[in-house]
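Peer 1: Pasting a structure here, questions to come.
The values are calculated or read from the model by the stated rules, or taken from the named source; none is laboratory data. Remember, predicted model here, so these are calculated numbers, not experimental data. Here the Cβ is made from the backbone with ideal geometry for all residues, glycine too, and neighbour counts use every protein chain on show.
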């Protein structure tokens, strides 16, 4: 009987110690505002842009400050685990950094009313770039 009790206790502790990850397959509907920070290994200080993003039923629309920055985007998205795939549906000119468009694969961090989206390029080189949306739900 003691052996069964000991096995039960060990299993309970082992299973209780496992941290269950909760992941959502969608971003909660609503309007988010914050900044897009662009980091570069070349320039040590990030460039920041004010940004607002509206999410509704797996669709998104980015609004940027008129005259301040190019980019933005709108389209659909899907999330699997902590990875988001954003599919922009617009046609763009080629005279700016297209990474300012919310499109492609991003790491998604969602906690309470905060949302962080991170896209990293050329991570193992001197020209590494990082695009990080730091947003708060309104």
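Peer 1: Are any residues in segment 40-59 within 15 Å of the chain's Cα centre (by Cα) and not in a loop (DSSP other than H, G, I, E, B), and if so, which ones?
Peer 2: Just the residues of segment 40-59 that are within 15 Å of the chain's Cα centre (by Cα), to begin with: 51-55, 58-59.
Of everything in segment 40-59, those that are within 15 Å of the chain's Cα centre (by Cα) and not in a loop (DSSP other than H, G, I, E, B) turn out to be 51, 52, 53, 54, 55, 59.
Peer 1: Which condition breaks for residue 29 when tested against (1) under 23 Å from residue 93 (Cα atoms); (2) at pLDDT 95 or above; (3) more than 14 Å from the chain's Cα centre (by Cα)?
Peer 2: Among (1) under 23 Å from residue 93 (Cα atoms); (2) at pLDDT 95 or above; (3) more than 14 Å from the chain's Cα centre (by Cα), the lone unmet condition for residue 29 is (1).
Peer 1: Among the strands (runs of 3 or more DSSP E) lying completely within segment 85-138, list those that include at least 3 residues that are farther than 19 Å from residue 49 by Cβ. Give the steps one after another, and end with the answer.
Peer 2: On the way: elements: 104-111, 114-121, 129-137.
Qualifying strands (runs of 3 or more DSSP E): 104-111.
Peer 1: On the given criteria, is residue 62 surrounded by 13 or more Cβ atoms within 10 Å (Cβ to Cβ), in a strand (DSSP E or B) and in contact (Cβ under 8 Å) with a residue 60 or more places away in the chain? Outline the logic, then answer.
Peer 2: Details: surrounded by 13 or more Cβ atoms within 10 Å (Cβ to Cβ): yes; in a strand (DSSP E or B): yes; in contact (Cβ under 8 Å) with a residue 60 or more places away in the chain: no.
No.
Residue-wise test of (1) modelled with pLDDT of 95 or more; (2) within 28 Å of residue 127 (Cα to Cα); (3) in contact with a helix residue (DSSP H, G or I) (Cβ under 6 Å, 6 or more places away or on another chain).
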position	(1), (2), (3)
13	no, no, no
18	no, no, no
25	no, no, no
35	yes, yes, no
42	no, yes, no
59	yes, no, no
64	no, yes, no
95	no, yes, no
